[in-house]
Amino acid sequence: MEVLKKKRTGPVIFSEYKRGNAIKKAVSMSREDILFELKDSKLKGRGGAGFPVSTKWMLTSAAKSEDKFLVCNADEGEPGTFKDRVLLMEYPELVFDGMVVGGYTLGAKKGIVYLRGEYEYMLKLLEDYLGEMRKDNLLGDNILGKQDYNFDIEIFLGSGAYVCGEETALIESLEGHRGEPRNRPPYPINTGFLGRPTSVNNVETLAAVTHIVVKGGSWFAKLGTDKSTGSKLFSVSGDCEKPGVYELPWGTKISELLKIVEAKDTKAVQVGGASGFCIPKSQFDKKLAYEHVSTGGSVMIFNESRDMLHVLKNFMEFFVDESCGQCTPCRIGNVKLLEGVEMIEKGEYTFAQINKLKDLGRTMQLASKCGLGQSSPNPFISILENFNDEIFNAANGGRNGK
Amino acid sequence: MFVAEKNALSEEIESYVNKYGKNRSALLMILHEIQRKHRHISEFAQQEVARLLNIHPVEVYSVISFFAFLNSNPKGRNLVRICQTISCDMKGKNGLVKAIERELGIKIGETTKDNKFTIEYANCLGLCEVGPAMAINDQVFLQLTPEKAVELLGKVK
């Protein structure tokens, strides 16, 4: 695939940056200073869960071990998310410099990029880029002349499993096992890859770290809201004139985003990918932020012509496919929810059954082992509740009347 | 399988093991290499990998069966994967699928008689803003029409 180099602009991630600058700055600082900058920035993990980066890195750097690892989670599998693809293809310097800074801060000697199998076409490009970095001593031994600062990056190719975006499943797969999530605790910060302290960070998080190191934590924290600082990359797709990746400050309203991407006749917006929530028109004044509508950046837009039950069916088929099958609530629950959608489709349901299935969904949210099963009922519950008129009541009985 | 073939495969797998190491954590990368070259990981290949990494063959099989991109049964020489997730679905993935099925005379999940193509659905390829998207082996193609998709298949050897 040819690299579609677009001129992108944005307040943080897409702002000016010259390769190597963050590393130069980092080697002149102590590890503690970098951690304090991150603390000031209040940067939270960009994969969706939103764990504070400074806390994760403080715990990992405090862990005592010969070997530590920094893993860049580029297993971007959430439907409707493609920001990591854009970052890796167009801004590899941000991601890799962030990893080198991370390695220095944590005391890790090895960084691993877990690249999803679907992005195999990037492999050569990224390997070549790492080769350039090694040539310029931005990777390798005694980086930029700093004594005993050794760090190298390896790219590991995933193999088409959505669940491997979950950090412990990712580590299992790195270790050569089935990508089934582990129980947490212990967390990877103590017992990660090969039982060593490991920090798993999203691609976008590492890119943000690069900018924070150069420009300072308080510069970053000026943007966004109090609890969600900085900006976020949104992957916008679906019914709009200008789909693509947008960098917007946290706190942007959904309606504002719709205006920017020139969406018309919008009926619903699915925020956070298949595992996210479906927001109806009446709630478009909600803000995108960890404390309001939290998201890893996927925004899918549906206009008035779309059949929301069809959308829901597509999501549930996805989860039935991608459930790893390890725990019962997720393995069986998703199949049952999909059956429910098919029952509605055929008009062969009772409301008692639908309510039971919503209960089952809430059970899955509580009882599933990892984030997949805990979040897969979200679209089922939010679409059936927010679009119940369309699905059950419209035209004298919705699908019943058809 | 002929002895000569077996020996060649053994040697090939040994070269991967030398490249990625004998640790269990090298397993997935080794399987990738075999999959890329042979489009499947045969029982014999599984046994060889297990022998060289000093693990039980069923461990290798269990990893293969987990991942969507690894398979133990042979597939066609070229793997065509059409993204079925909602953004590509809304941009007309059904049209692509129907056109390709008509043209090749097979259904999704099947392999052509001449063993040239296997067609499958893929979950989100991460190309949602430029859908509908399709992958032929490790190459991806964007903003397809049924006509363009069929034309692309014609160019594959």
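Observations
- Counted as qualifying within the stretch A:206-324 are the strands (runs of 3 or more DSSP E) with 3 or more residues that are surrounded by fewer than 24 Cβ atoms within 10 Å (Cβ to Cβ) and out of contact with any Lys or Arg (no Cβ under 7 Å at 6 or more places or on another chain), namely A:244-249.
- For the stretch A:187-205, the set of residues classified as within 19 Å of the chain's Cα centre (by Cα), within 13 Å of chain B (Cβ to nearest Cβ) and part of a helix (DSSP H, G or I) consists of A:V203 only.
- Looking across the stretch B:38-91, just one residue is within 17 Å of A:F318 (Cα to Cα), assigned to a loop (DSSP other than H, G, I, E, B) and out of contact with any Gly (no Cβ under 8 Å at 6 or more places or on another chain), and that is B:Q84.
- Members of the stretch A:164-177 found to be outside any helix (DSSP H, G or I) and crowded, with 20+ Cβ neighbours inside 10 Å, listed by number: A:E166, A:G176
- Flag if B:S87 is surrounded by fewer than 15 Cβ atoms within 10 Å (Cβ to Cβ) and closer than 28 Å to A:L170 by Cα: no
- Selection within the stretch A:6-52: residues that are of a type in the set (K, R) and within 20 Å of A:K227 (Cβ to Cβ). The member of this set that is surrounded by the fewest Cβ atoms within 10 Å (Cβ to Cβ) is A:K39.
- For the stretch B:68-87, the count of residues that are out of contact with any His (no Cβ under 9 Å at 6 or more places or on another chain) and among the aromatic types (F, W, Y) is zero.
- Filter pass, A:P79 being in contact with a Cys (Cβ under 6 Å, 6 or more places away or on another chain) and under 30 Å from B:L127 (Cβ atoms): yes
- Hey, B:R36 among the basic types (K, R), within 11 Å of chain A (Cβ to nearest Cβ) and over 21 Å from B:G76 (Cα atoms) or not: no
- Residue within the stretch A:151-163 that is in a helix (DSSP H, G or I) and either in contact with a His (Cβ under 6 Å, 6 or more places away or on another chain) or closer than 24 Å to A:E76 by Cα (or both) present: yes
- Taking first residues from the stretch A:228-243 that are farther than 20 Å from A:S294 by Cβ and away from chain B (no Cβ under 11 Å) and partners that are charged (D, E, K, R) and assigned to a loop (DSSP other than H, G, I, E, B), the Cβ contacts under 8 Å between residues at least 6 apart in sequence or on separate chains come to A:E241/A:E262; A:E241/A:K264.
- Some residue of the stretch B:92-102 being away from chain A (no Cβ under 11 Å) and either closer than 26 Å to B:A45 by Cα or part of a strand (DSSP E or B) (or both): no
- Restricting attention to the stretch A:157-186 and to residues that are touching a strand residue (DSSP E or B) at 6+ places or on another chain (Cβ under 7 Å) and within 7 Å of chain B (Cβ to nearest Cβ), the residue that is farthest from B:F69 (Cα to Cα) turns out to be A:L174.
- Elements of type helices (runs of 4 or more DSSP H) contained in the stretch A:9-112, each with 1 or more residues being among the aromatic types (F, W, Y), on the phi < 0 side of the Ramachandran plot and modelled with pLDDT of 95 or more: A:31-41, A:53-62, A:92-106
- The set of residues in the stretch A:352-384 that are over 29 Å from A:D75 (Cβ atoms) and in contact (Cβ under 8 Å) with a residue 24 or more places away in the chain comprises A:I354, A:K358, A:L384.
- Pairing each residue of the stretch A:296-313 that is facing chain B (nearest Cβ under 9 Å) with any residue that is of a type in the set (A, V, I, L, M) and crowded, with 24+ Cβ neighbours inside 10 Å, provided the two are 6+ apart or on different chains, yields C-beta distances under 6 Å for A:F302/A:A268; A:V311/B:I86.
- Given (1) facing chain B (nearest Cβ under 10 Å); (2) in contact (Cβ under 8 Å) with a residue 12 or more places away in the chain; (3) over 21 Å from the mean Cα position of the chain (by Cα), index of the condition A:N334 fails: (1)
The values are calculated or read from the model by the stated rules, or taken from the named source; none is laboratory data. Because the structure is a prediction, the values reported are computed rather than measured. Note that we place each Cβ from the backbone using ideal geometry, even for glycine, and neighbour counts take in every protein chain shown.
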